Amino acid sequence: MAGAEETKTNDSLIGKRIPKMDAPEKASGKTRYVHDINLPGQLHAKILRSSQVHAKIVSIDTSAARALPGVHAVITGADVPWQRPIGVAKDHLPLKTDRVRSPRDEIAAVAAESEEIAAAALKLIKVVYEPLPIVATAEESLKPGATLVHGDDLIVPGPDGKPQVVHKGSKDNVAMTFDYGQGDIAKGEADSDTVVEDVFWLHYVTHCCMGVSGVLAEFDAQENLLLYSNTQVPFLHKREFAELMGMDPGRIRIIQPPIGGGFGSKLDIYPFEPIAIYLAKITRRPIKLVFTREEEFAASPTRQPVLLKMRSGCNKDGKLTFRDVETVHDNGAYTSWGATTPFVMMQTISSLYRVPNCRYRTRAIYTNNPYAGSFRGYGNLQATFAVEAHMDKLAEAIGKDPLEFRLDNAQEPGEVTPQGMHFKSCGFKDCLKTAAEHSDYQEKFRTSISKWNNGNPIKRGVGMASMLHVGGGAKIYPSDGCGTIIKIDDFAHVTLITGASEIGQGSETVLAQLACEELGLPLSAVTVVNSDTDIKPWDVGVHASRTTFIAGNSAIGAARKAKTKILAAAAAKFNVEPDTLNLRAGCVIEKASGKKLIEIDKLIRSLHFSDKAELVMTTHYYEPPSQKQDKEFRGDVSAAYAWATQVVEIEVDTDTGIVKVLKVTGAHDVGRVINRLGIEGQIEGGVVMGQGYALTENLIVENGIVRNPNFRDYKLVTAPEIPEIDISFIETMDGEGPQGAKGVGEAPAICVAAAVANAIYNATGVRITALPFTPENVYRALRSNSQPPTWIAAA
Amino acid sequence: MSVSIDISFKLNGVNVRAKVTPGMSALEMLRDELQLTGTKYGCGEGECGACTITVDGQSLTSCLLFAADCDGREIITIEGLATDARAEALKKSFVNCGAVQCGFCTPGIVVQAWHMLGKTQHPTPDQIRRGIEGNLCRCTGYKKIVEAIADAGALLS
Amino acid sequence: MDAKVTTTERPPAAPVSDITAVETYVAPRSLAEALELLRAGDVTILAGGTDLMPQSKTGKARFQRVLMNIQRMDELRGITEEKNFVRFGALTTITELLDSAMVKSRFRALWESADHFASDQLRNAATIGGNICNASPAGDTLVPLLVFNARVMLASKKDAAVATRTLPLAEFFVGPGRTHRQPSELLTAVEVPLPPNGFVSEYFKFGTRPALDISTIAIGLGAVRSGDRLTDVRVAFGALAPTPIRAPKTEAALNGKPLVDAIEAALAAAELEINPISDIRASAWYRRELVHNVLRRMLDRVGKY
């Protein structure tokens, strides 16, 4: 049966199917998300967003809005002259003052007694704009003489009242650049017997968390700030909010209610949170601000769209020789994490399969489009799409079997890449072989090609793609660590206080399993506390698939210290050496014989109510043995790396262009399975997210405006569309990972689209290098009625 | 200034009264006027199913139902399924089959599945997938949700 | 550069027509009561709400002073089988259509449109009357109803008596969202003549999902098969013109002619009878390609029944 297994006594919890600890509450509808929290005396806030894509703000008249009964405050940038810039590049203020660069731009905000009144007040605010030319594409943005999106300095009144430049204007529209190289590109080309080149277009999609964005903000009588926030990085944001508000960070407390989905959408500070804080300060009342779904579509970060040009080659023996990649990232109106996806993309370009020579270059270009944040996979979907397309193309060009070609270039344990990534545990080849075997890949690959011209409009095909991603954290911040505090009370009940946040992925349950494994206690003995920055120790946050690895090791460290203390006390009591004892099934036992000496809770009580008068309280901060990258992007940035291979089987109806995903067969190197139920759920969910990215999801942006800000026209995958999913776990038992485990949160979404692209080629003989594979896009490509993406000459 | 309408109806087995405005949806009434937050706002346009309730024995999206139209009707929300045997089996299956991740879509799916199992005792996986086609989930990929509903169906017979 | 100045102010003189315009909410229990209210004027009709509520929230709907909920009127419910036709009360829900064995066997294309309609939750609330009066060019049940020569029953009160009139559905639509229903009229039922013996029908709605899609294109096809040819051919298109339409030229190309030879002529005729637009769902070109490829497939298939 696919359900949970009760493990009461001697069995290890590792690898078992353990239901999530918060599932019963969630299934009953009792869980209170941020939308469900109401504070006494709260006011409801709403934001007025720009009606223009690009314009100067000439004037804002809020008088009629202020006069509406039930309105407590209406603020514009002028009312908060002390506001400071936010975002990865600090290139925008929460409330725009002189200029709007995107329809999501926040012009004013209202706090009122009800949402209805707040919405009515917004309609009474009169804004006069002077339109500016719209920079609708990166291509336009790069043309000589193009309108500058951030040509002017961003100026705020300084602490002394004098104007202060907080972001310098630029003379062009280039927001950020990245350049990386390994080996010698010219030599790589010269060594090649085959070279292929393509331009790929990876489109706009968005997170579509089922819970929309929201926040509650309240100042107490001593001006301490309390935030109920969905942030995935509470400690980083605590510090940033402190800077923004000119406050001591110690006076800011963030409580993280259960979140209705994260996927990376909550890793940057977006204007609505500071705006809620401003309103809380000004009205002296708690402020609740919740998005509508339309707002969620139009004003949330997207996945980074990428125009990518790649040349790659191999020699006639089937060894990769070089990859040369250039990308243009549409940076949108302001800079968020999307601009930094090159950090991850260059890892894949340089190190997914062994490539001696590699060059990677990104230009992130300001436009008036929506801006991109971090989103599960963080650039890796886009990079893998290109790499795996070329793996198939190169194999075909030299007449090699696509699986054999991949195996010949796949890395093995112990390899160190030119970028300095040390692949200590590496199950890449096992992933390739397992996925191929379970899906009948080679046989189906050959059969599909033989049917290209059989006259049947329905075609089937298989496509393979692999991925490489960090699996042991990612040291992009001065620390990549996590702290844990454990206390075990007189009844052997464990309180595990972890810095790691639960965002629905099941981290609480995994941490409890790991602690219980050390302490020999049942899962029911554990309470996990993880949602209050006043209580929990520091953790950098939920990103980079790091939580099981880092927080897991932290929890194990604290649990082992507790175990040591308990065994020491038992050893003293029974006059034996501690290393002859162990903890199991709630008791202290003799290792050799298994004989039970004393129940853990009894032992703890005897320690507490004695001359010793000691409690069992331990702490551990785990910092992974990884390195920050240097200025050339070199360094072993993660303590472990993870691989996966997926084979996707599809059916294409060439009369309509409809592509159906029939089956996804995956093999994932996860180090070790901790919670089998949880990891399956992560992978199944990631696969379907990847399916949406490949086939159905498309955020249509035209002239800076999102044309489909709703679920009617932005298509998430629904239940009847899901494929058969068959996952194998490759357990490479990573030496550093908790119980051998590595991170897996992002992996399953990363290579689906790449595999689908290869499958479409296998089915039809047509290679499509632009996403999404909607029916019309596929149909056009099949009928040669579309152009492949073109590179921007000015880039 | 919106006109106020007095309505009375049965909510989770209890007779209740409410004051609503013409434009208010049943979802807004449940969450804001009656403080029942188990039913979720997901999209407000009937596309995601997070707001699913049953009205006179039919499941529907409460965001599209005019609150005034609840007058004289029998409404069941996720809170009303706290002690129902069929719902208990469903919730247990959801927990044991790993069908809950962030949990935001879960109450809506539980109500829809409860309604479905009331109509069809042993739905096939295909029937289940069609039955929840109006419920969006971003976390699970639906596979374990379908398994949980099938599991509950089997347990109940 | 000359400054171009624009404002976002609304013209203050425009009358308020969003939901706040509603001053009275009524839920009549009898047709007579409802028609009285309609005669007095200024009424917005509420049935299942699945179109009216989203339109209200987006400000697309114009509300009158009186919001009249017709769902308490039992006279508008029920599916009745008469000798030559079936009457569907205006409040028949899409789920009731889907659950009806009679509809599945006698009006197959109508049943298929119900199966492709939105989602279970929406099918439980949406009504056939609402689907017709909302008059979307992409309305799911409208295409098969046209195939079956449906007619709508409209009731009103001129003086003391209730007046009724019948209109073929094909003549009911004026444009997107607009019908010939007068403000004082209520659509009470839709009557669908029983098709002739041997009539087969099929409904195709383009989409990647079984349901929960607004049609990109929809095709309804019905005919009697006599040997190698089709007679009594009905072809209807949805989302391919400002209203759902029948396609008389396409029908003529097929009627009574050996099917195998008639298919190309039918496809050519269909090309001329549709008038697709390009929107965010699809381009006009692609819609034409779909009609061509799908109609061909449907005709191939109907020949093989």
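The values are calculated or read from the model by the stated rules, or taken from the named source; none is laboratory data. Note that the structure is predicted; figures quoted are calculated from it, not measured. Don't worry about glycine lacking a Cβ; one is built from the backbone with ideal geometry, like all the others, and counts go over all protein chains shown. Only protein heavy atoms, including side chains, enter the accessible area calculation; ligands, DNA and RNA are left aside. Shrake-Rupley method; radii C 1.70, N 1.55, O 1.52, S 1.80 Å.
Here, the stretch A:617-746 has an Rg and a Dmax of 19.6, 67 Å when only alpha carbons are counted.
What's the center-to-center distance, using Cα atoms, between the stretch C:118-134 and the stretch C:14-51 in Å? Each part reduced to its Cα centre gives a spacing of 19 Å.
Note on the protein assembly as shown: semi-axes of the ellipsoid equivalent to its C-alpha gyration tensor, largest first and rounded to whole Å, are 49, 38, 34. P(r) tail for the stretch A:675-795, what percent of Cα pairs lie past 18 Å? Summing the P(r) of the stretch A:675-795 above 18 Å gives 65 percent of all pairs. Net charge near A:Ala175, counting Lys/Arg +1 and Asp/Glu -1 over other residues with Cβ under 14 Å of its Cβ? Charge balance near A:Ala175 sits at +2.
Roughly how far apart, in whole Å, are the Cα centres of the stretch A:19-47 and the stretch A:530-600? Between the Cα centres of the stretch A:19-47 and the stretch A:530-600 lies a distance of 33 Å. Which positions within the stretch B:60-103 get 50 Å² or more of their accessible surface covered by the other protein chains, compared to the chain by itself, with a 1.4 angstrom probe? Checking the loss per residue gives B:Leu64, B:Phe66, B:Asp69, B:Val95, B:Asn96, B:Val100, B:Gln101, B:Cys102. Cβ-Cβ distance of A:Met733 and A:Ala572, R₀ of 41 Å, FRET efficiency by 1/(1 + (r/R0)^6): the value works out to about 0.70. The distance linking the stretch B:62-98 with the stretch A:233-249 is 41 Å (Cα centroid to Cα centroid, whole angstrom). Run the quick spin-label model on A:Lys660 and C:Thr24: label points 7 Å from Cα toward the beta carbon, then report their separation in nm to one decimal. My value for the distance between the label points is 5.4 nm.
Put a plus charge on the Cβ of each Lys and Arg, a minus charge on the Cβ of each Asp and Glu, and nothing anywhere else: the dipole of the stretch B:83-155 about its Cα centre is then about 100 debye. Computed over chain C with a Gaussian network model linking Cα atoms closer than 10 Å, the most mobile of C:Arg225, C:Arg77, C:Arg281 is C:Arg281. Interface B-C: total buried accessible area of about 2500 Å², 1.4 Å probe, protein heavy atoms only. In this structure, the residue pairs whose Cα-Cα separation is over 24 Å, taken from A:Lys123/A:Lys238; B:Lys19/C:Lys158; A:Lys319/A:Lys433; A:Lys563/B:Lys92, are A:Lys123/A:Lys238; B:Lys19/C:Lys158; A:Lys563/B:Lys92. With a Förster radius of 30 Å applied to the C-beta separation of B:Leu34 and B:Lys119, the computed FRET efficiency comes to 0.65. Fully extending the segment from A:Arg66 to A:Leu148, taken as 0.36 nm per residue of separation minus the present Cα-Cα distance, adds 26.0 nm. Using a simple spin-label model with pseudo-atoms 7 Å out from Cα toward Cβ, A:Lys451 and A:Glu223 lie 7.3 nm apart.
Give the shape of the stretch A:634-681 as rounded, prolate or oblate, defined through the alpha-carbon gyration tensor: a ≥ b ≥ c are the square roots of its eigenvalues, a/c under 1.5 means rounded, and otherwise the shape is prolate if a/b is larger than b/c and oblate if not. Cα axes put the stretch A:634-681 in the oblate bin. Total buried accessible area between A and C, probe 1.4 Å, nearest 100: 2600 Å². In this calculation the C-beta distance from B:Thr83 to B:Lys19 is compared with R0 = 30 Å, giving a FRET efficiency of 0.55. Only one residue of C:Ser17, C:Ile219, C:Ser136 has its Cα farthest out toward the positive end of the dipole of chain C, where Lys and Arg carry +1 and Asp and Glu -1 on Cβ, and that residue is C:Ile219.
Among B:Arg86, B:Arg129, B:Arg138, the largest mean-square fluctuation in a Gaussian network model of chain B, built with springs joining Cα atoms closer than 10 Å, belongs to B:Arg138.
Other residues lying with their Cβ under 14 Å from the Cβ of A:His203 contribute a combined charge of -1, Lys and Arg counting +1, Asp and Glu -1. Using a probe of 1.4 angstrom and keeping all protein chains present, the accessible surface of the stretch B:5-78 works out to 32 square angstrom per residue. Placing +1 on the Cβ of every Lys and Arg and -1 on the Cβ of every Asp and Glu, with nothing else charged, gives chain A a dipole about its Cα centre of roughly 540 debye.
Computed with a 1.4 angstrom probe on protein heavy atoms, the B-A interface buries about 3900 square angstrom of accessible area in total.
With all protein chains in place and a 1.4 Å probe, the accessible surface of the protein assembly as shown carries 51 percent carbon and sulfur.
Heavy-atom accessible surface of the stretch A:465-558, averaged per residue, reaches 22 Å², computed with a 1.4 Å probe.
Compactness of the stretch B:83-155 was expressed as the Cα radius of gyration divided by 2.2 N^0.38 Å, which yields 0.94. Seen from C:Ala247, the other residues with C-beta closer than 15 Å to its C-beta sum to a net charge of +1, counting Lys and Arg as +1 and Asp and Glu as -1. Once the partner protein chains are put back, the stretch C:90-139 shows a loss of at least 10 square angstrom of accessible area, versus the chain by itself, at C:Thr95, C:Asp99, C:Asp115, C:Ser119, C:Asp120, C:Gln121, C:Leu122, C:Arg123, C:Asn124, C:Ala125 (probe 1.4 Å, ligands and nucleic acids excluded).
Entry comment: accessible area of the stretch B:83-155 is 29 Å² per residue, from protein heavy atoms only and a probe of 1.4 Å. Against chain B, whose longest principal axis is taken from its Cα atoms, helix B:143-156 shows a tilt of about 90°.
Computed over protein heavy atoms with a 1.4 angstrom probe, the accessible surface ordering of C:Val147, A:Val766, largest first, is A:Val766, C:Val147.
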